[in-house]
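The values are calculated or read from the model by the stated rules, or taken from the named source; none is laboratory data. On a predicted model such as this, the values are computed, not experimentally measured, just so you know. Every residue, glycine as well, gets a Cβ built from its backbone with ideal geometry; the counts of neighbours run over all protein chains shown. Accessible surface is based on the protein model in full, side chains and every heavy atom, while ligands, DNA and RNA are left aside. Shrake-Rupley method; radii C 1.70, N 1.55, O 1.52, S 1.80 Å.
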Amino acid sequence: MNSDALIKQYCKELRFGRNLYDNYKKIQASDYADFLAQLLKLELDNRELTRKNRNLRAAGFDIIKTFEGYSFSQIQIPPALDVEQLKTASFVDKKENLILYGPVGTGKSHLATAIGVAACSSGKRVRFFRTASLVNQLSEAKAKGELKRFMRLIEKTDLLICDEWGYIPFEKEGSQLLFQIISECYERRSVIITTNLEFSKWNGIFYDEKLTSAIIDRLVHHSHLLVYTGPSHRLTHSTMKSQ
């Protein structure tokens, strides 16, 4: 067996990425040590890319969105936070939360997703849910006796994104299960919530003042509030306006 065939076989047996075998001939090195260093760098880059793609698949985003073309001009960002921290998702390292509040269609879900994608790219584990879907999945898991298993998925998460918080009110059990999720995340992982409801109206979601207060208390303790002040992007750019 010639050297090329042996390298291909060893790459497969050692579970190295295909990228290493496909590109090792292109390496221009000054000596054996330099060649080995570049070869190992190829494998590290391949593993990093594989990890990022795995994180993105596991996150469950509805659609992948990035910061490209995203405007922060109509968002009130608190002084303790800046755009760079949002783009790098560095607040996740500090177990801080974000509450994105504003009218429908102003770009809250886009920003939450873009931050989640950035977090995935930096090696963090992210889970994205429409809040109503999260509650439904929790209820189904409980009914099947699989709630502990579902909670373990949350426990392994660095950033939990709850999109469209408050769009649909919840039954008592759903409210309690969502509270359980927020309690489990408290000071252990970051949470991003997108909502068009101010805090004073959250009792209309949960129908329990004590539960509502407990959820708000845990969310706001290490949180940044971003307020959206602009018009709906969807209405502004609707094709119907040109008809």
Between ARG57 and SER200, take the C-beta separation as r, use R0 = 30 Å, and let me know the FRET efficiency to the nearest 0.05. 0.20
How much length is gained on full extension from GLU48 to LYS172, taking 0.36 nm per residue of separation minus their Cα-Cα distance? 40.4 nm
For helix 209-220, report the angle its Cα long axis makes with the longest principal axis of the Cα atoms of the chain; keep it between 0 and 90° and round to the nearest 10°. 40
Expressed in µm² per second, the diffusion coefficient of the range 75-241 from the Stokes-Einstein equation, with Rh the Kirkwood radius over alpha carbon pairs, at 25 °C and 0.890 mPa s, is 150
Where does each of ARG152, ARG189 land when they are ordered by accessible area, with a 1.4 Å probe and the largest first? ARG152, ARG189
Where does the chain land at 222 nm, in deg cm²/dmol rounded to the nearest 500, when only DSSP H runs of n ≥ 4 count, each adding -39500 (n - 2.57), divided by all residues? -15000 deg cm²/dmol
Working from Cα positions, state the angle (0 to 90°, nearest 10) between the long axis of helix 32-59 and the longest principal axis of the chain. 30
Starting from the Cα of ALA80, step 7 Å along the direction of its Cβ; do the same at LEU153; then give the gap between the two resulting points in nm. 3.1
